[in-house]
Amino acid sequence: MMESPWKTLSSEIKYQNPWIKVVENQVLNPNGNPGIYGVVHFVNTAIGIAPYEDGHIWLVGQFRYPLGQYSWEIPEGGGTPNESHLEAARRELKEETGLSAQKYEPLLQMHTSNAVCDEWGIVYLATGLTEGEADPEDTEELRVKKMPLEAAFAEVEAGRITDSLTVAAIYKMMILKLQGKL
């Protein structure tokens with residue numbers, strides 16, 4: 001592992017809530033010059049689920065407050081430190097779509113925006129789907145739609161789907177499909 005060229009002189013928590021902590025670090029940058037570096041630390045793991053069956057993927061639409069706009073995404077949520085990633089995936093899929101899956105396979109893992117935060121994301125491919133009743137949280141006003149994977153890919157390519165976990169999952173699924181593995 002490579003040693004960091006950054007030197008942290010001091011750190012101060014500037015904001016904290018049950019989900020995130022914002023830390024301002026006084027640093028020496030790789031050239032030895034002083035500066036600040038703010039980092040958002042996440043308590044939960046970002047969990048995404050790509051429900052897939054017969055060439056179709058399910059997406060969830062909701063208004064995203066930080067962006068001030070509507071967003072279509074794979075079902076996503078936070079996996080708490082008290083539950084396994086797989087348990088969180090099962091819970092989020094059922095909660096947001098009403099779907100249950102017979103099989104969950106890890107699809108990808110990624111840092112969502114590593115220049116400013118330490119958020120770690122895991123996406124599962126969920127297959128063998130059974131429909132049921134969704135039970136969204138009171139902070140969620142969701143719409144669910146099923147569409148061909150190729151149509152979702154076209155939405156990514158057109159810049160209409162921009163959520164990082166969703167974009168990565170759809171690209172990975174298209175690669176797997178082209179390789180005959182999906």
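Observations, loosely collected:
- Taking 0.36 nm per residue of separation and subtracting the Cα-Cα distance, full extension of the segment from SER11 to TYR37 would add 8.4 nm.
- Dipole moment magnitude, nearest 20 debye, segment 45-178 about Cα centre, only Lys, Arg, Asp, Glu C-beta charged: 440
- Spatial separation of Cα centroids for segment 124-156 and segment 1-33, in angstrom: 37
- Loop sites in segment 102-142: GluC sites (Glu not before Pro), DSSP, at most 12 other Cβ within 10 Å: GLU131, GLU133, GLU137, GLU141
- Gain in span if fully extended, ALA151 to GLU105, counting 0.36 nm per residue against the direct Cα distance: 14.3 nm
- By the rule of a C-alpha distance below 30 Å, with chain neighbours fewer than 8 residues away ignored, the lysines paired with LYS103 are LYS94, LYS145, LYS146, LYS172, LYS177, LYS181.
- Förster radius 35 Å - calculated FRET efficiency between GLN26 and GLU141, Cβ distance, rounded to 0.05: 0.25
- Average projection area in nm² (convex hull over Cα atoms of the chain, one quarter of hull surface): 12.8
- The chain: antiparallel DSSP beta bridges as a percent of all, rounded to 5: 85
Computed from the coordinates by the stated procedures, all read-outs in this text should not be read as laboratory data. Being a predicted model, the structure only gives us computed values, none of them experimental. FYI the Cβ positions are ideal-geometry reconstructions off the backbone, even for glycines, and counts take in every protein chain you see.
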